[in-house]
């Protein structure tokens with residue numbers, strides 16, 4: 001174990017990168033909302049959810065992938081809402 005933490009395997013690293021990309025996409029999508037109060041609320045909710053799920057062990061790839069797929073579904077819904085609100 002390095003002083004930075006446990007070294008990730010390549011598949012774990014790749015999943016981690018996907019999750020980080022998903023997080024950034026959530027934030028960017030929320031910032032496209034015209035209502036800034038709604039934007040701030042969604043960003044806080046996304047941050048809280050990702051922070052809560054950070055406690056999932058790195059070795060539990062099934063749960064991480066499950067949460068990732070759930071996040072993709074939520075991101076799709078958010079994107080549709082943003083597109084509808086900005087139209």
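Where a number appears in this text, it was derived from the coordinates with a stated rule and is not lab data. No experiment lies behind these values; they were computed from the predicted model shown. Cβ: placed from backbone, ideal geometry, glycine included. Neighbour counts: every protein chain shown.
Worth a mention:
- Inside the stretch 25-44, residues that are outside any helix (DSSP H, G or I) and either within 16 Å of the chain's Cα centre (by Cα) or farther than 14 Å from residue 83 by Cβ (or both) make up a count of 1.
- Of all residue pairs spaced 6 or more apart or on separate chains, those with beta-carbon atoms under 7 Å, a first member in the stretch 17-32 that is on the phi < 0 side of the Ramachandran plot and a second member that is exposed (fewer than 11 other Cβ atoms within 10 Å of the Cβ) and part of a helix (DSSP H, G or I) are 32/86.
- Test: residue in the stretch 54-64 that is more than 10 Å from the chain's Cα centre (by Cα), in a helix (DSSP H, G or I), surrounded by 12 or more Cβ atoms within 10 Å (Cβ to Cβ) and without any contact (Cβ under 8 Å) to a residue 12 or more places away in the chain: yes
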